[in-house]
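Let me begin by presenting the structure, written as structure tokens, before commenting on it.
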Amino acid sequence: MTEEFNTQGAENVVAMPSLRDALRTAGAAIANQFAQWGKVTGVKAFGSGNINDTFLVTLDSSEEQHFVLQRINTQVFRQPQLIMQNMRTFTEHVRKRLQHTPLNRRWEVPRVLLTKDAQDHWRDADGSFWRAISFIEGSQSFDTMRDRTYAQEIGYALGMFHNLISDLPPEKLADTLQGFHITPLYLQHYEEVLAKTRARQSAEVNYCLQFVSDRQTFAHILENAKVEGILPLRLMHGDPKINNVMFDTVTQQAVSVIDLDTVKPGLVHYDIGDCLRSGCNPAGEETENWESIYFDTDLCQGILKGYLSVAKAFLTENDYAYIYDAIRLITFELGLRFFADYLAGNVYFKVKHPEHNLVRAIVQFKLTESIESQEMQIRNIIKDMK
Ligand code: GN1
Ligand code: MG
């Protein structure tokens, strides 16, 4: 990227080393609040989340040797206590389901860990909201897809996740993030930002402006289907991108879906779309080389095969009819969210440099183009799997 892109503010530029160290030190003190079964021996930054700050805590314990400590971004999640409430309802439901009908393979659900005062979170002196979750021992996640076997496992994991909550009524969970995945609202926000911003003209910015402008009508497709009752409101994960699926390090099978902050009422299509947009992009969403971006239909077939092996039981004819649109829409939507945040001065997603969100937006738009150019192949894959 050239100099001329350095026009935007960068309030949310990812913590500089000194700030990161300070956060880690704070994290170590907070970790003690949750360390009920051992002494904290290490705290390190963990994962690649774009919103919350995440740390892996190590304990000198013969039981569980790790847990995950997170500082919730309360600019995004305005009512973090609702997240904890939902997590408790969710885990309790799934635990009972698994007790009643055990699976014939390893499957784990992250547990909420309590403080020594039996609270599900800790507020530090600055008012930051910290919480701890169990770490799925002997597991790891990947930012990009390894091969088709993994694709099938990722699909299975999302199917299992949906299956296990398919009998929990949507109204049992609170809305932790209003407007999440409601594409017309992201479009509205984008238009408001655009009206206030004078983005420096460049080929890349113009490409994004045109890209969004050409898809205004399409942006409503899932919300219209929801309003018309074609697609039912269900519970969803909200963020089932591939690095939120944990794999057993020995068997290489998927064993858990993590990051439960956005588990709430919505459409399973948002999840299917998000899983496929992240899983079928071999270069990954953080590449700077957008010329290399394409949607891999073999991986798409793999993910859907794994997903439908578990989800067939609760999907309707209408659900199938919207799968292609969901893949295209959620990919476009993420590009729109990144681009709007670039224009707004990087206030939502953490960034490593001021043009980061612009690059991310172009990656998602190139992926959307690749999806659009393979519409018939993708629709045929879906049809053949019913
Ligand atoms: C954010 O923070 P993280 O990485 O779990 C975002 C998702 C996006 C994702 C893109 C609450 O998730 O919606 O798909 O970045 N989460 C929120 O990587 O906005
Ligand atoms: Mg997330």
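A count restricted to segment 250-267 and to residues that are under 21 Å from GLN81 (Cα atoms) and in a loop (DSSP other than H, G, I, E, B) stands at 6. Scanning segment 279-291 for residues that are in a helix (DSSP H, G or I), within 13 Å of ligand 1 (Cβ to nearest atom) and open to solvent by 10 Å² or more (accessible area, probe 1.4 Å) turns up nothing. With respect to (1) more than 16 Å from ligand 1 (Cβ to nearest atom); (2) over 20 Å from the mean Cα position of the chain (by Cα), the lone exception for GLY306 is condition (2).
Yes/no matrix, rows are residues, columns are (1) within 16 Å of ligand 1 (Cβ to nearest atom); (2) closer than 18 Å to ARG95 by Cα; (3) part of a helix (DSSP H, G or I):
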position	(1), (2), (3)
ALA151	no, no, yes
LEU158	yes, yes, yes
LEU177	yes, no, no
LEU185	yes, no, yes
LEU194	no, no, yes
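Within segment 253-278, take every residue that is under 22 Å from GLY238 (Cβ atoms) and either more than 18 Å from the chain's Cα centre (by Cα) or more than 13 Å from ligand 1 (Cβ to nearest atom) (or both) and give me the one that is most open to solvent (accessible area, probe 1.4 Å). My answer is PRO265.
Mind telling me which of the residues PHE211, PHE247 ends up being in a strand (DSSP E or B) and either modelled with pLDDT of 95 or more or surrounded by 19 or more Cβ atoms within 10 Å (Cβ to Cβ) (or both)?
On the way: PHE211 fails: in a strand (DSSP E or B).
Going through PHE211, PHE247 in turn, just one is in a strand (DSSP E or B) and either modelled with pLDDT of 95 or more or surrounded by 19 or more Cβ atoms within 10 Å (Cβ to Cβ) (or both): PHE247.
With the condition being touching a residue at least 60 places away in the same chain (Cβ under 8 Å), of a type outside the set (Asp, Glu) and open to solvent by less than 50 Å² (accessible area, probe 1.4 Å), I'd like the helices (runs of 4 or more DSSP H) fully within segment 292-386 carrying at least 2 qualifying residues.
On the way: elements: 297-311, 317-321, 323-344, 356-373, 375-385.
Passing ranges, in order: 297-311, 323-344, 356-373, 375-385.
Summed over segment 245-263, residues that are of a type outside the set (A, V, I, L, M, F, W, C) and touching a strand residue (DSSP E or B) at 6+ places or on another chain (Cβ under 6 Å) total 3. Residues in segment 126-142 that are farther than 17 Å from PRO80 by Cα and either free of Cβ contacts under 8 Å to residues at least 40 places away in the same chain or not aliphatic (A, V, I, L, M) (or both): SER134, PHE135, GLU137, GLY138, SER139, GLN140, SER141, PHE142.
Within segment 137-149, at least one residue is part of a helix (DSSP H, G or I) and within 22 Å of VAL250 (Cβ to Cβ). Scanning segment 220-234 for residues that are more than 16 Å from ligand 1 (Cβ to nearest atom) and open to solvent by less than 50 Å² (accessible area, probe 1.4 Å) returns ILE221, GLU223, ALA225, ILE230, LEU231, ARG234. In segment 41-59, the residues that are open to solvent by less than 30 Å² (accessible area, probe 1.4 Å) form Cβ pairs under 7 Å with partners that are of a type in the set (Ser, Thr, Tyr), at six or more places apart or across chains, as follows: GLY42/THR58; LEU59/THR41.
The values are calculated or read from the model by the stated rules, or taken from the named source; none is laboratory data. Given the structure is predicted, the values throughout are model-derived calculations rather than measurements. We place every Cβ from the backbone using ideal geometry, glycine too, and count neighbours over all the protein chains shown. Only protein heavy atoms, including side chains, enter the accessible area calculation; ligands, DNA and RNA are left aside. Shrake-Rupley method; radii C 1.70, N 1.55, O 1.52, S 1.80 Å.
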